[in-house]
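Structure record follows, encoded as structure tokens.
The values are calculated or read from the model by the stated rules, or taken from the named source; none is laboratory data. If you're wondering where the values come from, they're calculated on a predicted model, not measured in any experiment. We place every Cβ from the backbone using ideal geometry, glycine too, and count neighbours over all the protein chains shown.
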Amino acid sequence: MSTTGSENTMSEGRLATPLRGETPGLLQGMRHVFARDLRVVLRRRADATAALMFFIIVVSLFPLGVGPEPQLLRTMAAGVVWVAALLASMLSLTRLFTDDHHDGTLEQLLLAATPLPLLVLAKMAVHWLTSGLLLALISPLLALQFDLSPRATAVLVGSLVLGTPLLSLIGGIGAALTVGVRGAGVLLSLLVLPLVVPVLIFGAGAVAASEGGFGFSAHFSLLGAMLVLALFLAPLATAAALRIAME
Amino acid sequence: MSSHPRMNWFYYAAPQRFYALAGRALPWFGVLAVLLGVAGLVIGLAVAPTDRQQGDAYRIIFVHVPAAWMSMVIYLAMAFWAAIGLAFNARLAYMLANALAPTGALMTFIALWTGALWGKPTWGAWWVWDARLTSELILLFLYVGVLSLHAAIEETQRADRAAALLALVGVVNVPIIYFSVKWWNTLHQGASISLTKAPSMAATMLLGMLVMALALWMYCIAAALLRVRTVILERERHASWAQQALGATA
Amino acid sequence: MSPALELRTLRCVRGERLLFDGVSALVPAGQMLRVLGANGSGKTSLLRMICGLARPTRGEILWLGQPIAELREDFNTRLIYLGHAPALKDELSALENLRASSGLAGQPCSTEDAATALAQAGLRGREHLPTRLLSQGQRKRASLARLALGAAASLWVLDEPFNALDDAACSWLQGLIGAQLGRGGVVVLTSHQGLVWEATPPQVTLTLRAPEATPKVQATIAG
């Protein structure tokens, strides 16, 4: 095999026995996916802001529906904000894999040098930073509408910060299962909402518990435990679902 | 390693052979279901004594509790076959999981309705947010999710695999969901409403529930076998044996 | 000499249709596998099987004697797959896209190298534009620029790479393919019969036909 002089630093391509243990650093691939996804979202801000607006509107609808009685609103507040956060997350989850599917980037993820679950985790991280985290940060303003005490508001924000990553993780499984399917948006919600009921219960329950004087540490611990479990299992399930979808 | 073909279970992994086996087994399960069902209803409606607190209205638990049990057992069975299908890429396993889902959903539905029928005379409301009823409701949503996902994907292979993965994800979640719902229920104690507080069990009551549970189990197996035969015929319809079978019934 | 790429009795079922059956081929290092067939005959499915994206209903694919199902990420570092879609994010520039895809494939490149590759692809001066502003031919060339940096990948799988390319770009691509084969790599591609090669590379031709006839495999060694 003749070798041509190479003018750049690229290594000479050569048929070699498959190399073991020479796969590049795992973090490197994750970094590329993370940076790319983040850039895309930042340059297409309309998507992220639309979900945020939806969140705000839904929360504002509830007082219009049940009346402005302050005590009632205060009791409802955590549950309403949490349900709205669930719904807004379902909306934004459809864009987790759909765009990549349409422009062919999703296939390339399956052919990357880094294991797919890690790349999926990087995508979910970007998704959370640009949806769940934003919801959590804007929730104090909405808590004002319900006249929540500062302490309750703090617990609400904390529960959202802890719980919305779970929505991105578990929702990612649903997004992967429904990628490219007709009616994927509604179907995704149908699949994911039952699975995230525990997150809703403990998230909203934390606020109710703190208001009732019971303390919310148990709720937060349980949310934390579920988060750890999901951090490990959800990317694996999502990667499997993506392979099934792309066959 | 037995040389007798009937004893080797992998023999029946071929849809054609399972079709025949299911056809032979089906009548037996059906008959058992009817016999046990009659026996269970007799015990439940006639033999078991009237409850002191709840009167005769409690008798609905002879259907409610077995249906609830079956709804959970079938979900586990469905998840089991889903796992087998994904692990071994076995067509028949996917078909079995596919066939079990509607029956499981039906059991959940019956459990919810009978729960409501029990709640009305006992607590005055058609629906109470009891831990078990709420879990059954979420279980129904999980079943509907698996069925909807399978129906939405046109390509059969992908539909089977996706629904199987969803069933497995669900089965991991079910304990978590049940635990969280129980927590939620005890925390929000309005009245101590609990349909799980069944009347203290006389022996005949327990017997009645067990007999009804067995009857429902036989029914579910029969229904699943019947459905899986239809699924096999539909998927294998291009094969000559299937066309013969279809022609024979025409 | 053992073949670099081997296809063994592959069978493909899509939905309810049997696309092809019993497809076998042996491709030595330094040769091209050219897949021909009518539209809908399963060319894209075959290419995706070779990449490991789809599993064949029956049969197996071996790379350097090992089944690709066992190789996973090791195989991925040696592979470049370019499908119909250019795999470019609309909002990112060609430069950003190229750096991301190289990095993901395990062969990260510097900005200078990426810019050089894009210049070779005829996109000098356009490499900083968001790719949605590029024409279809320019986008195709932007995605093909990966090949200019892809010397480390021994297996290239290209689905209709010459589509939407003008003569100059075709010539450039043929040069890249020739260089890859010269290094001892393998190129699998689908193309139309009417494609004119400046220098016909050594190749194995595989024609996919509907299952009534068995697929034909010819080895044509030229030059």
Practice problem: Considering every residue within the stretch A:211-234, establish whether at least one is touching a residue at least 60 places away in the same chain (Cβ under 8 Å) and among the aromatic types (Phe, Trp, Tyr). | Solution: yes
Quiz item: Among the residues of the stretch A:100-121, is any touching a residue at least 12 places away in the same chain (Cβ under 8 Å), surrounded by fewer than 20 Cβ atoms within 10 Å (Cβ to Cβ), away from chain C (no Cβ under 14 Å) and not hydroxyl-bearing (Ser, Thr, Tyr)?
Solution: no
Exercise. Could you tell me which residue of the stretch C:27-73 is nearest to C:LEU189 (Cα to Cα), considering only residues that are surrounded by fewer than 19 Cβ atoms within 10 Å (Cβ to Cβ) and among the hydrophobic types (A, V, I, L, M, F, W, C)?
Key: C:LEU36
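So is B:ARG24 over 18 Å from B:LEU214 (Cα atoms) and crowded, with 17+ Cβ neighbours inside 10 Å or not? Let's see the steps before the verdict.
Values: over 18 Å from B:LEU214 (Cα atoms): yes; crowded, with 17+ Cβ neighbours inside 10 Å: no.
So B:ARG24 does not fit the description; no.
Select from the stretch C:55-70 the residues that are in contact (Cβ under 8 Å) with a residue 12 or more places away in the chain and either within 8 Å of another protein chain (Cβ to nearest Cβ) or small (Gly, Ala, Ser) (or both) and list them in ascending order.
Kept after step one, since they are in contact (Cβ under 8 Å) with a residue 12 or more places away in the chain, are these residues of the stretch C:55-70: C:55-65, C:68-69.
Listed by number, the residues that qualify are C:ARG55, C:GLY59, C:TRP63, C:LEU64, C:GLY65, C:ALA69.
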Quiz item: Any residue at all in the stretch B:41-61 that is within 21 Å of the chain's Cα centre (by Cα), within 30 Å of B:TRP123 (Cβ to Cβ) and surrounded by fewer than 19 Cβ atoms within 10 Å (Cβ to Cβ)?
Solution: yes
Quiz item: What about A:VAL192, is it within 9 Å of chain B (Cβ to nearest Cβ) and in contact with a Gly (Cβ under 7 Å, 6 or more places away or on another chain)?
Solution: yes
Practice problem: Please find, among A:GLY180, A:GLY185, A:GLY215, the residue that is more than 7 Å from chain B (Cβ to nearest Cβ), at pLDDT below 95, closer than 30 Å to A:GLY104 by Cβ and not in a helix (DSSP H, G or I). | Solution: A:GLY180
Quiz item: Does B:LEU195 satisfy being modelled with pLDDT under 85 and buried (at least 16 other Cβ atoms within 10 Å of the Cβ)?
Solution: yes
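Using the structure shown, decide if A:ALA225 is surrounded by fewer than 21 Cβ atoms within 10 Å (Cβ to Cβ) and more than 9 Å from chain B (Cβ to nearest Cβ). If you could, list the steps in order and put the result at the bottom.
On the way: surrounded by fewer than 21 Cβ atoms within 10 Å (Cβ to Cβ): yes; more than 9 Å from chain B (Cβ to nearest Cβ): yes.
Considered against the rule, which asks whether it is surrounded by fewer than 21 Cβ atoms within 10 Å (Cβ to Cβ) and more than 9 Å from chain B (Cβ to nearest Cβ), A:ALA225 comes out as yes.
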Exercise. Could you tell me which of the residues C:VAL196, C:VAL187, C:VAL204 is farther than 26 Å from C:ASP90 by Cα, more than 10 Å from chain A (Cβ to nearest Cβ), of a type in the set (A, V, I, L, M, F, W, C) and free of Cβ contacts under 8 Å to residues at least 24 places away in the same chain?
Key: C:VAL196
Quiz item: Counting only residues that are of a type in the set (Lys, Arg) and at the interface with chain A (Cβ under 9 Å from one of its Cβ atoms), which one in the stretch B:129-172 is surrounded by the fewest Cβ atoms within 10 Å (Cβ to Cβ)?
Solution: B:ARG158
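Answer yes or no as to whether A:LEU118 is more than 23 Å from A:ARG243 (Cβ to Cβ), within 17 Å of the chain's Cα centre (by Cα) and not basic (Lys, Arg). Give the derivation first.
Numbers: more than 23 Å from A:ARG243 (Cβ to Cβ): no; within 17 Å of the chain's Cα centre (by Cα): yes; not basic (Lys, Arg): yes.
When the stated conditions are applied, A:LEU118 does not pass them.
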Exercise. Determine whether A:VAL199 is more than 7 Å from every other protein chain (Cβ to nearest Cβ), of a type outside the set (Lys, Arg) and closer than 22 Å to B:GLN157 by Cα.
Key: no
Practice problem: Identify the residue in the stretch B:95-152 that is under 13 Å from B:SER71 (Cβ atoms) and among the charged types (D, E, K, R) and, among all such residues, is nearest to the chain's Cα centre (by Cα). | Solution: B:GLU136
Self-check item: the stretch B:76-96, residues that are closer than 19 Å to A:ALA237 by Cα and surrounded by 21 or more Cβ atoms within 10 Å (Cβ to Cβ)
Solution: B:MET78, B:ALA79, B:TRP81, B:ALA82, B:GLY85, B:TYR94
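Within the stretch C:186-196, can you find the residues that are surrounded by 14 or more Cβ atoms within 10 Å (Cβ to Cβ) and part of a loop (DSSP other than H, G, I, E, B)?
Residues of the stretch C:186-196 that are surrounded by 14 or more Cβ atoms within 10 Å (Cβ to Cβ), as a first pass: C:186-191.
If the condition is that a residue be surrounded by 14 or more Cβ atoms within 10 Å (Cβ to Cβ) and part of a loop (DSSP other than H, G, I, E, B), then C:SER191 is the only one that fits.
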Quiz item: Can you name the residue in the stretch B:173-183 that is within 9 Å of chain A (Cβ to nearest Cβ) and among the aliphatic types (A, V, I, L, M) and, of all such residues, is farthest from A:ALA225 (Cα to Cα)?
Solution: B:VAL181
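Results for (1) of a type outside the set (Asp, Glu); (2) more than 7 Å from every other protein chain (Cβ to nearest Cβ); (3) out of contact with any Cys (no Cβ under 7 Å at 6 or more places or on another chain), shown as yes or no for each residue.
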residue: C:ASN76; (1), (2), (3): yes, no, yes
residue: C:ALA87; (1), (2), (3): yes, no, yes
residue: C:GLU91; (1), (2), (3): no, no, yes
residue: C:LEU95; (1), (2), (3): yes, yes, yes
residue: C:ALA100; (1), (2), (3): yes, no, yes
residue: C:GLN107; (1), (2), (3): yes, yes, yes
residue: C:LEU118; (1), (2), (3): yes, yes, yes
residue: C:GLU127; (1), (2), (3): no, yes, yes
residue: C:PRO130; (1), (2), (3): yes, yes, yes
Quiz item: Which of the residues that make up the stretch C:112-169 are of a type in the set (Ser, Thr, Tyr) and under 18 Å from C:VAL187 (Cβ atoms)?
Solution: C:SER143, C:SER154
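Are any residues in the stretch A:22-80 among the small types (Gly, Ala, Ser) and more than 11 Å from chain C (Cβ to nearest Cβ), and if so, which ones? Step through it out loud before you land on a result.
First, the residues of the stretch A:22-80 that are among the small types (Gly, Ala, Ser): A:25, A:29, A:35, A:46, A:48, A:50-51, A:60, A:65, A:67, A:77-79.
The answer is A:ALA46, A:ALA48, A:ALA50, A:ALA51, A:SER60, A:GLY65, A:GLY67, A:ALA77, A:ALA78, A:GLY79.
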Quiz item: When the residues of the stretch A:228-243 are filtered to those that are surrounded by fewer than 21 Cβ atoms within 10 Å (Cβ to Cβ) and of a type in the set (A, V, I, L, M, F, W, C), which remaining residue is nearest to A:ALA88 (Cα to Cα)?
Solution: A:LEU231
